[in-house]
Each structure stands twice: as structure tokens, then as C-alpha cells.
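Please read the structure below before turning to the comments.
The values are calculated or read from the model by the stated rules, or taken from the named source; none is laboratory data. Note that the structure is a prediction, hence the values are computed from the model and not measured. Reconstructed Cβ throughout: ideal geometry from the backbone, glycine too, with neighbour counts over all protein chains shown.
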Amino acid sequence: MSDPARIDGLSEAVARLLPALERFTRFEGPDLAARRSVWRAALDEPLPATGAGPDAVLETIERVVIPHGLRVGAPGFLGWITTAPTTIGAAAQLAASIATPQRWWISPGNFLEVLALRWLAELLGLPATHQGIFTSGGSMANLVGLAAARQQAGERRGLDPARDGIAALPGPRVYASTEVHHVALRALAVLGMGRRALRMVPLDAGHKPDLDLLRRWIDEDVSAGRTPVAVIASAGEANAGDVDPIEEMADLAHELGAWLHVDGAYGGFGVLDERVRHLYGDLAKADSFAVDPHKWLAAPVGIGSVFVREAALLARTFALEPADYAMAAPPAEGDPGSPWDDFGEGSLDYGPDLAAPARGLVVWAILKEIGAAGMRARVARDLDCARRVAARARASDELELLAEPVLSICCFRYRPPGLDDEDALDALNEGILRAVQARGRAVPSSTRIGGRLAIRPCFINPRSTLADADALVDEVLTVGRALVAASGDAADPGPQTG
Ligand SMILES: *Cc1c(COP(=O)(O)O)cnc(C)c1O
């Protein structure tokens, strides 16, 4: 039978994969993901004319997919801003996909969506009146926040952008620092304001957005009849992890009639650490606040969230017209009813998705497992790791700290005494980065600080410890010394000893 459509036998199917998954999560032996020719050869085939059956699928996953998997969950993986789920998050996602395959209608998974959003707001210190939704990630969370901002800007001028578009909204402008995440540009493209609506203020000498210049720009735009829609403050920008002066930016935005959106996709949870809590100011002033459970909370990828000041505004932004096919049937008086009597808690009108997985069940599971204290400890541990790297860089005459860590990112580079040529330093550090990544013990990524290549660990991986921070520094030193020695040999092919 080509379509057995089995929904039984889950225990055997999962049990078959578990040993390979357990082996994978020990991250032992060489990293096989890069052996593209091997796994591609095993996977790349034409659409099967007839089904291979469940055993063949499980066998391929077990033998090819899992052992060649991507090791973003390894304790030494410190790159970009991503990690792998913890056990409870992964188990909860499996449960959600089977027992609550859809967040709507009446079920525990539906209720946990609302509860998890309430818990998240409480954990972050956001007002309970802010309306939260889950999204597929930070890109959509930012888009939702900026869509609400656009709606508000229109409504202030007697327009309804959700109904009529924004053709009548003169010169919409959004402001942020140059460190704003690039997904904001795409959100503006999608929202019809256009990428060019974003005005990016440079950083001042103190590495903060130049707010005087920002005020000047907004004043000019207002005088010219344009529409300041929103100011975006980054709570943990993705390059060096800096936190913008959120409260000052909120005051400025509100004074000038604009919305304050906080992009905390990465660093929203940083508010849990007393060392940096003050940087976040009064979060009640944030009109919208995006934060990604699939980053610091280590939920499986596919879970972002955003909180917006006013549920009614969100509902006007994303109102879903009724459809004949999509009605729930309220029970008659005294009828015990069924799950299908209503769509459960939450609203169809708060975001761009209709069907969606029960992401709340996963976030609830993680928060229930570790509690507020567990998350606070994780954030503190990760800030400690970034500070450890910074301390080691400061203490070494072969390393240079390029930016003081604010949250859990530390930007530094290898700089042996006497090597001052900036281009040579960039090339050397690029070589170090590639070699360190290939060795695999510690996997940082990079960015540019003041135009210069920085090695950039970002600590959000719940498995990473101070030992991994130290290992990264040791790796950079080891590889840096070897590369300098090798280039010395190449540059000076004179008499060799030893
Ligand atoms: C990761 C990130 C985003 C994008 O989020 P995705 O979940 O990757 O869509 C946006 N802003 C910041 C600051 C981020 O760190």
C-alpha cells in the first residue's frame, strides 16, 4: 500500500531515532555536517514514484540526517544568535505537534498559548495590558510591531492603513540607529512604507545613537510634512549586543507623536540581569516589544513573540474578515458542548497567521521547567561568559578587546604585538575565524567594529559554560600564533632552525 497513513506506531518510530539523537547530542567525534558530498549523495534523488515506506524513511533519518546534523547545540557553538532546544522544549514540541496540532479551538494547547504569553510578559516586566502573540520568529515579531505603528500613525491622521493602504500617509518615516537589525528594512518593504523609509542615525562617541541628530531629523521631517511612524530601539543589537537608550528614545518618539518599538529579539531577556536592568528603563513605555523565545530561551526555532500596547489596535491592524467556512458553532443553552464551539482563547485578529502550531505549549514547558530563577541564572551565566572573554582579552598582550560587552556578546581580535596594519589584522583574524570554526571546539562568528573584523562569540547557548568561553580564547590564541608563525616562515624563507 503506497499510503499506509499510519498514525500509530509512534513509540517504535521515535524509539528507532532516539539512540542516534542521543549520540548526536553528545557532539563527539568529527563534525560531519560539512561533508556535503556524502549526505547529499544519500539524499538527492528524484521524487519517488512509489513510497519507500516508513522503515526506509526512518533508516535514512537515523543513518544520514541525524549524524550529519548541524551542531548549533554543542556547548562550544557561540556563533550568530542561535542555539538548539533543550530536551524539554524538544519533547514539548513533539507533544504539541501531535496533541495540539493547531492552536485554535478548545484544548490545553490553546490555553497554554495565552498562559505562556502572560508568563513571558511577567518575566520581562511588561505591563499585563500589552497584548502578546507568538510569531514564527523575530522577523515577523518586528513586522507585527511596525504594522501596529503604521496603523497608529494612520489613525492619528484620520486614516485606516489596514483598510485603505498608506497611499494617503505622507512620507512615512521610521528611525533607528545604524545598528538596527536588517530585518527591519524588509519589514518596511513588506508594509508598503519601503526600505527607504528607514533613517538610520549614526552612533555618537559613546557608542549610542545620536539622539540630538535623531530629534533634528524628526523635526525636519515633521516640518516637511512627512509622517514619523516609529522609532526602533534595539535591546541587544546583533553586532556587539549594545542596548539603545530605550527610555530616552521612547520619550522622544512620544513627544513627536511616533511609536516606540523595541527589537529585543536577541536581548529582550537581558532585562533579567541586575547588572544591565537599568539600560531597559521603564518598559511600559515600549509601544511594542519583540523578543524571541527561540534565542535566549532556547525554544525550538520557529518561536518569536511580540507584545503590543493595545489589543484593540492590534485587532484593527490584523482584523480577519469573517468567512462562511470558518465559523464556530456556539452550543445551545445547557448543551455540554464540544471543543469546536469556539476558537478558544486568543484572537484570530492579532497577527498575520491563521493556522499556527501551539507554540505556547513549548514556551510554557520551558518556563515551567526552569522558572524565572532558571532563566535569570542562564542570562547571568551568559553575561559572565562574555565578561570572561573580555577579561582574558584585556589581560593578554596578543588580544584586543574591540567592544566592552554589554549583554552576552564580546567582540575581540587577535593582535600580536607589533602588528598594526589594519588590513593585515583583518586578514589574519578572518583566517583565525575560519580555522577556529573548522576545528570545531569553539565556534564563534564575526562582525565589524569600527570597520574592523571582530571575532564575536554570542552566549545564549544554555549548554555553554565559562570553560567554553576559555576554550574559545585558547583556540584563538593557538590558531593566531600558528598562523603568524606560518606567515613569518613564508615571508622569511631564510635559514630555518629545527
Ligand atoms: C535574530 C534577530 C532578529 C531576527 O529574528 P529571527 O527570529 O531570525 O527572524 C531581529 N532582530 C534582532 C536584534 C535579532 O537578534
(request) Identify all residues within segment 392-415 that are surrounded by 15 or more Cβ atoms within 10 Å (Cβ to Cβ) and either at pLDDT below 95 or more than 23 Å from the chain's Cα centre (by Cα) (or both); write none if there are none. (result) Arg392, Ala393, Ser396, Glu398, Leu399, Glu400, Leu401, Leu402, Arg413, Tyr414, Arg415
(message) Which numbered condition in (1) surrounded by fewer than 24 Cβ atoms within 10 Å (Cβ to Cβ); (2) part of a helix (DSSP H, G or I); (3) more than 16 Å from the ligand (Cβ to nearest atom) is the only one that Glu113 fails?
(response) (1)
(request) Please determine, by comparing only the residues of segment 221-237 that are of a type in the set (A, V, I, L, M) and surrounded by 24 or more Cβ atoms within 10 Å (Cβ to Cβ), which one is nearest to the ligand (Cβ to nearest atom). (result) Ala235
(request) Run Lys208 past the list (1) farther than 16 Å from Leu256 by Cα; (2) surrounded by fewer than 23 Cβ atoms within 10 Å (Cβ to Cβ); (3) modelled with pLDDT of 95 or more and report the number of the one that doesn't hold. (result) (3)
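Residue under question is Ala253, and the condition is that it be at pLDDT 95 or above, assigned to a loop (DSSP other than H, G, I, E, B) and away from the ligand (no atom under 13 Å from the Cβ); does it hold?
No: the conditions fail for Ala253.
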(request) Could you tell me whether Gly281 is at pLDDT 95 or above, touching a helix residue (DSSP H, G or I) at 6+ places or on another chain (Cβ under 7 Å), within 25 Å of Pro405 (Cα to Cα) and more than 16 Å from the ligand (Cβ to nearest atom)? (result) yes
(request) Give segment 284-301 a look and list any residue that's in a loop (DSSP other than H, G, I, E, B), within 16 Å of the ligand (Cβ to nearest atom) and either more than 20 Å from Arg378 (Cβ to Cβ) or in contact with a Pro (Cβ under 7 Å, 6 or more places away or on another chain) (or both), or say none. (result) Ala286, His294, Ala298, Ala299, Pro300
(request) Determine which single condition Ala187 fails, assuming it passes every other condition in (1) touching a strand residue (DSSP E or B) at 6+ places or on another chain (Cβ under 8 Å); (2) closer than 18 Å to Val262 by Cβ; (3) assigned to a helix (DSSP H, G or I). (result) (1)
(request) Please indicate, with yes or no, whether at least one residue in segment 355-367 is at pLDDT 95 or above, touching a helix residue (DSSP H, G or I) at 6+ places or on another chain (Cβ under 7 Å), outside the structural domain of Arg481 (by TED's automatic domain parsing) and not in a helix (DSSP H, G or I). (result) yes
(request) Can you tell me which residue among Val144, Val114, Val72, Val65 is of a type outside the set (Asp, Glu), closer than 30 Å to Arg23 by Cα and under 22 Å from the mean Cα position of the chain (by Cα)? (result) Val72
(message) Restricting to segment 262-278, name every residue that is away from the ligand (no atom under 14 Å from the Cβ) and outside any helix (DSSP H, G or I).
(response) Asp273, Glu274, Arg275, Val276
(request) Test Gly158 against the stated conditions and say whether it is within 16 Å of the ligand (Cβ to nearest atom) and at positive phi. (result) no
